[in-house]
Amino acid sequence: MFHVKHFKDMCSVRSFWKFASEILNSSAYIVAINTEREILRQPLCYFIVCTGASLIAASLLFTLFTFGEDIPMIREMGVSTITVCCLCLASLSASHSVSKEIESGTIITLLSKSVSRRAIILGKYFGLLGAAFAAFMILGLLLTLILWAKDVLGYHAEVIPSLCQQAYPLFSQLSLVILQIAIFCSIAIAGSVCMPIVSNLSFCMFIYIVGNLGGFFQELLRGGEGGFLWYVSVFYVFFPNFEGFCAIRVSENFSGVYLALLALYAALYTTLVLAVACEIFNRKECR
């Protein structure tokens, strides 16, 4: 169970509209477009997408003895592959796009052209999110086609009903994946502002692991008691509750209300992290 209320006091409406107005700024838009193009041109992007596609296709080989449960297994393996590939692309690209530019001093070129630091951070974030979304769409489409072909050729299902039957549960899971990617991109950008490449990669990995162990730490901090302790609440302020986005668990009882609450949680947490990143970057000296 995630807790949105812990972020309401930290993310004001005024701050949200300040971010929205900065997004519409032409300088932030140009930075976002250039960042996305730069990431998509990198060999690393092609390597991650091709690796993800190969793993999704190879999942057909691991479902030969599943006794009729091959399609759900392919779906879960494919969703997990898409999640990991997009998160790897986000963390590696953010480190290369922000940390390397700060270390080499090329970020000063943008600052010398009267581009605000807030516009740079937001432009980098949305450019990174756009590149991750492109990889997400390619791998998601491939997974849909594989599930559809498996159902039609393996079980002789009708073409159009089979496509609808496979697309709906996959959409419910992938919609949760894109929310995770949006949160993780903001964390990767914030980490790349104040840490070098290697440290940022370790930081992103640590945040993702801890975010998926939120329920475990919650029970551990409770100490077996029924009360909700204050430091359990603080845990959800500093670490994202990726466990709440678990596609395998949510797919069993998926609802539009739950998706809307998760989207609100992702928007508030992303706004909070980007606000912290902008504040750190404003205080950082670039040479």
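Peptides 174-185, 203-214, 42-53, ordered by how many other C-beta atoms sit within 10 Å of their residues on average, highest first, read 174-185, 203-214, 42-53. With one equal scatterer per alpha carbon and no solvent term, the Debye-computed log10 I(q)/I(0) for the stretch 65-126 at 0.17, 0.29 1/Å reads -0.68, -1.15. Both numbers refer to the Cα atoms of the stretch 129-180; Rg and Dmax are 12.3, 38 Å.
If you take all other residues with their beta carbon under 13 Å from the beta carbon of residue 38, and give Lys and Arg +1 and Asp and Glu -1, the sum is +2.
Spacing of the modelled spin labels on residue 57 and residue 285, each 7 Å from Cα toward Cβ, amounts to 5.3 nm. Across the stretch 71-84, coupling constants 3J(HN,Hα) worked out from phi with the 6.51/-1.76/1.60 Karplus curve, θ = phi - 60°, read 5, x, 5, 4, 5, 5, 5, x, 5, 5, 5, 4, 4, 5 Hz, and Gly and Pro carry x. Less than 5 angstrom separates the built amide H of residue 42 from none of the residues sequence-distant by 5 or more or on a different chain.
The numbers here are math on the coordinates, done by the rules we state, and not lab data. It should be emphasised that the depicted structure is a prediction, and the values quoted were computed from it without experimental measurement. Cβ coordinates were reconstructed from backbone atoms using ideal geometry, including for glycine residues, and neighbour counts include every protein chain displayed.
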